[in-house]
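Worksheet: one structure, shown below.
The values are calculated or read from the model by the stated rules, or taken from the named source; none is laboratory data. Here the structure is a predicted model, which is why all the values come from computation and not from measurement. Using ideal geometry, Cβ is built from the backbone for each residue, glycine included, and neighbour counts are taken over all protein chains shown. Remember, those area values only see protein heavy atoms, side chains included, never the ligands or the DNA or RNA. Shrake-Rupley method; radii C 1.70, N 1.55, O 1.52, S 1.80 Å.
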Amino acid sequence: MNILVIHGPNLNLLGRREPDHYGILTLDMINALLQEAAQKARIAISFYQSNAEGELVDAVQKAIGVFDGIVINPGAYTHTSIALRDAILAAGIPVVEVHLSNIYCREDFRQHSYISGVALGVISGFREQSYLLGLQALIAHADRKPG
Ligand code: CA2
């Protein structure tokens, strides 16, 4: 099994500001936790971060035929990007949407996701654990599927 983790805009700044919402870990630390979990589960994992919407769309398109699942934190594009939603739908790869903060406890504009409707599921509010739970969910989903 081959998993891609995609981090959206500004997540490269993690660990420096807004710890109440996003925790204290840097993106590298979160990736290291995911790498360790993937190793234990004997699966391959890759990481990608971009601040640009088009680059995130490209990453989803390039994942076709390469990755079996995607864990994505679309960052603020969650609430704005029909392009990312369309790319995920077109790719046909199982996607789990994750958020560090609980977007449903925050400002109104964060409470709608364009991505949720094309995702397998959503995990929101558990800081870095959201990513680890997202990875677990993808593995469980693959185990359930025949072939
Ligand atoms: O809770 C999440 O994971 C979010 O996807 C994070 C996004 C936000 O726009 C979404 O509504 C919810 C923001 C990521 C920005 O991360 C920062 C990290 C450090 C300093 C400033 C921003």
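See the values below:
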| item | result |
| --- | --- |
| Members of the stretch 1-14 that are of a type in the set (A, V, I, L, M, F, W, C) and near the ligand (Cβ under 8 Å from one of its atoms) | Leu11, Leu13, Leu14 |
| Hits in the stretch 73-95 - residues which are of a type in the set (A, V, I, L, M, F, W, C) and within 16 Å of Val5 (Cα to Cα) | Leu84, Ala87, Ile88, Ala91, Ile93, Val95 |
| Lone qualifier among Glu55, Glu36 - being within 21 Å of Phe126 (Cβ to Cβ) and part of a helix (DSSP H, G or I) | Glu36 |
| The listed residue being in contact with a helix residue (DSSP H, G or I) (Cβ under 7 Å, 6 or more places away or on another chain) and either free of Cβ contacts under 8 Å to residues at least 24 places away in the same chain or at negative phi (or both), out of Val66, Val118 | Val118 |
| Test: residue in the stretch 15-30 that is near the ligand (Cβ under 9 Å from one of its atoms), under 24 Å from Lys145 (Cβ atoms) and touching a Gly at 6+ places or on another chain (Cβ under 9 Å) | no |
| Residue tally, condition open to solvent by 50 Å² or more (accessible area, probe 1.4 Å) and either within 15 Å of the ligand (Cβ to nearest atom) or under 18 Å from Gln129 (Cβ atoms) (or both), over the stretch 50-64 | 2 |
| Sole exception among (1) open to solvent by 30 Å² or more (accessible area, probe 1.4 Å); (2) modelled with pLDDT of 95 or more for Val98, by number | (1) |
| The lone exception for Phe47 - which of (1) surrounded by 18 or more Cβ atoms within 10 Å (Cβ to Cβ); (2) assigned to a strand (DSSP E or B) it fails | (1) |
| Members of the stretch 27-41 found to be open to solvent by 50 Å² or more (accessible area, probe 1.4 Å) and either closer than 19 Å to Pro94 by Cα or polar (S, T, N, Q) (or both), listed by number | Gln35, Gln39 |
| All positions within the stretch 65-121 that are assigned to a loop (DSSP other than H, G, I, E, B), more than 13 Å from the ligand (Cβ to nearest atom) and among the β-branched types (Val, Ile, Thr) | Val66, Ile93 |
